[in-house]
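A.B. asks: Sending over a structure as structure tokens; questions will come in a sec.
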Amino acid sequence: MVIVYIVFLAIVQGVTEFLPISSSAHLILGRDLMNALGVAEWTASPADELAFDVALHIGSLGAVVVYFWRDVVDMAHGALDGIRGRFGERFHFLLLLVIATIPIMVVGLLAKDLVTELLRSTQIIAWTTILFGILLWVADRQVVTVTSAHRLLVRDAVIVGLLQCLALIPGVSRSGICMTTGRALGMDRPLSARFATLLSLPTILGAGLLATLDLYRSGDTRLTVEAILGGLVAFVAAYVAIKLMMSWLRRADYLPFVMYRIALGLLLLVLIYGFGWQPAA
């Protein structure tokens, strides 16, 4: 039963990490669902939990790298171009991603604990899930003016980066707010999703490195079977989610994600206010 719990968490994390539907809301609901079904929760040592966290980050990171491998190669070439003083299109795109990453790194280091302690409640997650779903729908009505990453401006990266900081509030969704901002700035749907997903690379890499450092400091650097399994499942789940999302957005809009967010938020509100539900500790 523990394996079922671990696989379920890895799937939820892998899928919701990149879709604009909020991973925090799904993890809360998912854990409570598992408990309601009588699935035994995984009770692990702090070192094992850290190893599991590292594996999930590696799995998610791997999915982005594999799916967007051409962009990753271009970014590597862009870094080399910058070192050589060649500031072309590849360097420009890499620079935009770096600029958009800086705000959340600064705010995250300074205020992450404060924000999560004050705002981490199921009620807030429910309302933010609905509100930012509606904002995604509004932004998705904007006229497309940018269809290529090479036409993005430094101003666009700054705006996306600043608004990405809102993702520190549970229920907002990092990918969701980045896609919403991208559409509001006139990016077409595939570009808004591509930029948002590639923006996750430094965030996931940074979180993974911090977790790895904590694991190293714990003195127990072994990777458990649960961690390896979780990482593999997260990789597959994340890759499938990215592939399906990008395929959908090439021919349709964000409306299914908007409707899903609103339905999920309403379900949470009904459970909370109608049945007095509180998530399991």
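The values are calculated or read from the model by the stated rules, or taken from the named source; none is laboratory data. The structure displayed is predicted, hence computed values, not measured ones. Please note: Cβ atoms are built from the backbone with ideal geometry, for glycine as well, and neighbour counts cover all protein chains shown.
A.B. asks: Looking at V54, V15, which is the one that is under 14 Å from L232 (Cβ atoms), buried (at least 19 other Cβ atoms within 10 Å of the Cβ) and touching a residue at least 24 places away in the same chain (Cβ under 8 Å)?
C.D. replies: On the way: V15 fails: under 14 Å from L232 (Cβ atoms).
From the options V54, V15, the qualifying one is V54.
A.B. asks: Do we find that L162 is assigned to a helix (DSSP H, G or I) and in contact with a Pro (Cβ under 6 Å, 6 or more places away or on another chain) in this structure? Reasoning before the result, please.
C.D. replies: Details: assigned to a helix (DSSP H, G or I): yes; in contact with a Pro (Cβ under 6 Å, 6 or more places away or on another chain): yes.
For L162, the condition - assigned to a helix (DSSP H, G or I) and in contact with a Pro (Cβ under 6 Å, 6 or more places away or on another chain) - is met.
A.B. asks: Looking at the range 159-185 only, could you name the residues that are at positive phi and either modelled with pLDDT of 90 or more or more than 13 Å from the chain's Cα centre (by Cα) (or both)?
C.D. replies: Initially, the range 159-185 is screened for residues at positive phi, giving 171, 173.
S173, the sole residue that qualifies.
A.B. asks: Whether any residue in the range 12-28 is part of a helix (DSSP H, G or I), polar (S, T, N, Q) and touching a Pro at 6+ places or on another chain (Cβ under 7 Å) is what I want to check. Please lay out each step first, then the result.
C.D. replies: Start the filter on the range 12-28 by keeping residues that are part of a helix (DSSP H, G or I), which leaves 12-16, 23-28.
Next cut, polar (S, T, N, Q) only: 13, 16, 23-24.
Still in the running and touching a Pro at 6+ places or on another chain (Cβ under 7 Å): 24.
Yes - at least one qualifying residue is present in the range 12-28.
A.B. asks: On to the next question. Exactly one of these conditions fails for V258: (1) touching a residue at least 24 places away in the same chain (Cβ under 8 Å); (2) assigned to a helix (DSSP H, G or I); (3) more than 13 Å from the chain's Cα centre (by Cα); (4) over 17 Å from W127 (Cβ atoms). Give me its number.
C.D. replies: (4)
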